[in-house]
Amino acid sequence: MIAAGFAMLSAPLLTGTASIFTYLQYMNSVYSIPIFAVVVIALWTCKVPAFAANTALIAGCILSGLQYVISLKINAFHYAGIVFTVLILFLLIAGRLRPEDRQMPEINPVDMTPWKYTQKAGAFLIVLVFLSYILPALC
């Protein structure tokens, strides 16, 4: 009942779209752009505070969703790129103004001696991949 009600209420939103797949791709960009921006910055630097990441996630979802509420004369991908750039700049500025003061933990060195069966296992996997393409073609 709930799913049917949701489907009936959301059906009018799909009238202007070419396909449901296109609509879902646009809706996925609402939350994926902010998440990607936060992950990229988290990989680059450890100085950005958590409040900035949380703010970027919320503001990014709002900015991305604004595109579907307000009719803009700009391509959706260009708008997503602008939102991504704005979020990256916001995170970098927040990290510069209020840097997080956390230290990376010391890690004990890991033994990096190569596995003695690396060459044989790699060859076996390559043969397995080739067989997975060849055997179905023979049937």
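Just so you know, all these numbers are worked out from the coordinates, no wet-lab data involved. Because the structure is a prediction, the values reported are computed rather than measured. Positions of Cβ are generated from backbone atoms using ideal geometry, with glycine treated the same way; all protein chains shown enter the neighbour counts.
Report yes if some residue within the stretch 93-103 is surrounded by 15 or more Cβ atoms within 10 Å (Cβ to Cβ) and either within 19 Å of the chain's Cα centre (by Cα) or closer than 30 Å to Leu14 by Cβ (or both); otherwise report no. Among the residues of the stretch 93-103, not one is surrounded by 15 or more Cβ atoms within 10 Å (Cβ to Cβ) and either within 19 Å of the chain's Cα centre (by Cα) or closer than 30 Å to Leu14 by Cβ (or both), which makes the answer no.
The test for being closer than 30 Å to Met27 by Cβ and small (Gly, Ala, Ser) holds for Gly95. Within the stretch 112-133, the set of residues being in a helix (DSSP H, G or I) and either among the β-branched types (Val, Ile, Thr) or within 30 Å of Lys47 (Cβ to Cβ) (or both) comprises Thr118, Ile126, Val127, Val129.
Screening the candidates Pro109, Pro136 for the property of being in a loop (DSSP other than H, G, I, E, B) and surrounded by fewer than 13 Cβ atoms within 10 Å (Cβ to Cβ) yields one hit, Pro109. Determine, yes or no, whether Thr55 is surrounded by 15 or more Cβ atoms within 10 Å (Cβ to Cβ) and either within 28 Å of Gln103 (Cα to Cα) or touching a His at 6+ places or on another chain (Cβ under 6 Å) (or both). Yes: the conditions hold for Thr55. If you go through the stretch 34-64 and pick out every residue that is of a type in the set (Ser, Thr, Tyr) and under 13 Å from the mean Cα position of the chain (by Cα), you end up with 0.
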